[in-house]
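Just so it is clear, none of the values below were taken in a lab; they were calculated from the coordinates. What you are looking at is a predicted structure, and each value in this text was computed from that prediction instead of being measured. Cβ sites come from the backbone with ideal geometry, for glycine too, and all protein chains shown count toward neighbours.
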């Protein structure tokens, strides 16, 4: 998956306000959502808003599927590929351990 970028940068407002209190905006290259920040003198606030959008909208989408998670051995409980993770009581966990999910993501 390609990393999303901020494209089509611009600003809204009268030209004389461009340096003090205009709205800056840009578009996400992956989902084409428009990100707009009001009263942004520099583009830093826009970039910060885009980073938050990217983390929430696109990193969440990069999660591995349950099938991918179960295809690796769990380093926490030792569950073999294809088996569910276990609780300390020996019962199956409802969700795989965090380390197993992270390994499957790579």
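Values for this structure:
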quantity: Estimated FRET transfer efficiency (residue 106, residue 7; beta-carbon r; R0 41 Å; 0.05); calculated: 0.90
quantity: R0 of 22 Å, Cβ-Cβ distance residue 30-residue 71: FRET efficiency to nearest 0.05; calculated: 0.25
